[in-house]
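J.: If you scroll down you'll find the structure; I have some questions about it.
Rule-based calculations on the coordinates, nothing more; no lab input. Source: prediction; values computed, not measured. Ideal geometry is used to build each Cβ from the backbone, glycine not excepted, and the neighbour counts take in all protein chains shown.
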Amino acid sequence: MKHNHTINLKQTRKAMLRSRRARRVGLLTLLALSLCAPALAQRRAAEPRAQQQKVRQLPVPAQGNPYTTFYYKSGGLNIEAYFYKPEGNGPFPLVIYNHGSRSGQEHVEIPFRFIAAILVPQGYAVLVPERRGYGKSDGPTYDEEVQGDSGDRMMSRFREEASDVLAGLDYLKKGGASASSGRFTPTPTTSPVDFRRVALMGWSHGGVVSLLAASERHEFVALVDQAGGALTWNRSQTLQNELPAAARKIKVPALCMDAENDATTNAAKTVGQAIKSSGEWEKTIIYPPFTPTSNPDNIAPGHLIFAQGVSIWQDDLLAFLKPRLEANARFERALPAVPLKRAQP
C-alpha cells in the first residue's frame with residue numbers, strides 16, 4: 001500500500017506540473033493574442049480601404065467618343081443635353097438626336113453613345129437633348145403629365161418637347177461651344193457647328209418630336225424618322241391626324257424607317273407619304289422582321305431594331321445623310337436622290 005501511495009504522489013506531482021505548464025502556455029497565448037489583436041483588426045479594417053483605393057486608381061476604360069454635358073433654358077425649364085464633336089475645330093455638320101420614351105427610367109442620364117459611335121467618325125457633331133422630364137432636366141415626366149391620354153394632352157406634350165429641341169439649337173447658335181475645348185461660351189463665332197448643315201433624327205417618341213420640330217422650323221437639311229409614333233398610332237386618332245398634317249409642312253428630304261414586326265408600320269408609311277406629297281424627297285424603308293436580343297418591356301419586337309439592330313440600318317442612315325450634310329446642302333434642294341439599298345438583318 002505504501003509503495004502504491006508513493007507512486008500516486010509522483011503521478012499527482014507530474015500532473016500538477018503539466019497543468020501549470022499548460023496554464024502558462026495558455027496565458028502566453030492570450031497575452032500574444034491581446035497584443036496582436038489591435039494590429040490584426042487594424043489590418044482587416046485597412047484591407048477594404050486599400051481595395052477601395054485600388055479600385056479608384058484603376059484606369060477608366062475607353063467608352064467611345066467623349067461628350068460635354070451642359071444645360072440651357074427652354075421657357076422656364078433647365079434642360080440637360082450632351083454634345084459630341086469630332087476632333088478638330090470644325091465647323092462640323094450637326095445631327096440632333098431625339099431619344100424615345102423610357103418609362104420608369106426617365107431620370108437616368110443616357111447620352112446615347114451608340115448614336116455618336118455611328119455619326120462622329122463621319123465628321124458630324126451630335127446634340128442629344130434630354131428634354132423635359134428626362135435625365136436631370138426640369139419638368140414632369142411624360143407619364144406624370146399625360147397620364148395615359150392619347151389625344152390633345154399627349155400632342156401638347158409632344159409639342160413642348162419639340163420646343164425643348166429647338167431651344168437647344170438656339171442655345172448653340174447664341175452661345176456655341178468652344179471649338180478647341182468643347183466648353184460653352186457666349187461667342188457664337190467660336191462654335192464648332194456649321195448651322196447651314198443641321199439634321200434632325202429621332203426614334204419612337206423622339207421621332208414624333210423630330211417631325212414636329214421640323215414642321216415648325218425650316219432651317220434643317222434632313223430628317224430621319226425611326227418608327228415615330230408606331231407604338232401609339234393604332235390607339236390614337238389624334239396622332240393619325242396630327243402627324244401627317246405636320247409632315248406636310250416639312251420642307252426637307254426625309255428618311256422614314258421601321259421593321260415589319262413593329263406594332264404598326266402605318267405611322268412611318270403615312271408620314272413618309274405626307275412628306276412626299278408636299279414635294280420633298282422622301283424614302284421609306286421597312287426592314288424584315290427583327291428579333292431583339294432582349295425585350296424586358298415586351299413591346300413590339302421590331303420597334304427595338306433602332307436600339308439593338310444598329311448594323312442593319314446604319315449604312316442606310318449614312319447614305320442618306322452624307323450628301324445632305326455636305327457644305328451648303330441646305331441650298332441644294334435639287335440634289336438627286338441617293339439610292340438606298342435594302343439592308344438585311
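J.: Sorted by mean Cβ packing within 10 Å, highest first, what order do the peptides 285-294, 233-242 take?
T.: 233-242, 285-294
J.: Give me the net charge of residue 290's neighbourhood, meaning all other residues with Cβ under 11 Å from the Cβ of residue 290; Lys, Arg count +1, Asp, Glu -1.
T.: -3
J.: Let me spell out the model: positive unit charges on the Cβ of Lys and Arg, negative unit charges on the Cβ of Asp and Glu, origin at the Cα centre of the stretch 60-117. What dipole size does that give, in debye rounded to 20?
T.: Its charge dipole is roughly 60 debye.
J.: Here is a further query. Stokes-Einstein diffusion coefficient for the stretch 68-331 at 25 °C in a medium of 0.890 mPa s, Rh from the Kirkwood formula over Cα pairs: what value in µm²/s?
T.: Answer, rounded: 134 µm²/s.
J.: Okay, next question. Going down the list 85/322; 73/174; 85/251; 85/136; 73/173, which pairs span over 19 Å between their C-alpha atoms?
T.: 85/251; 85/136
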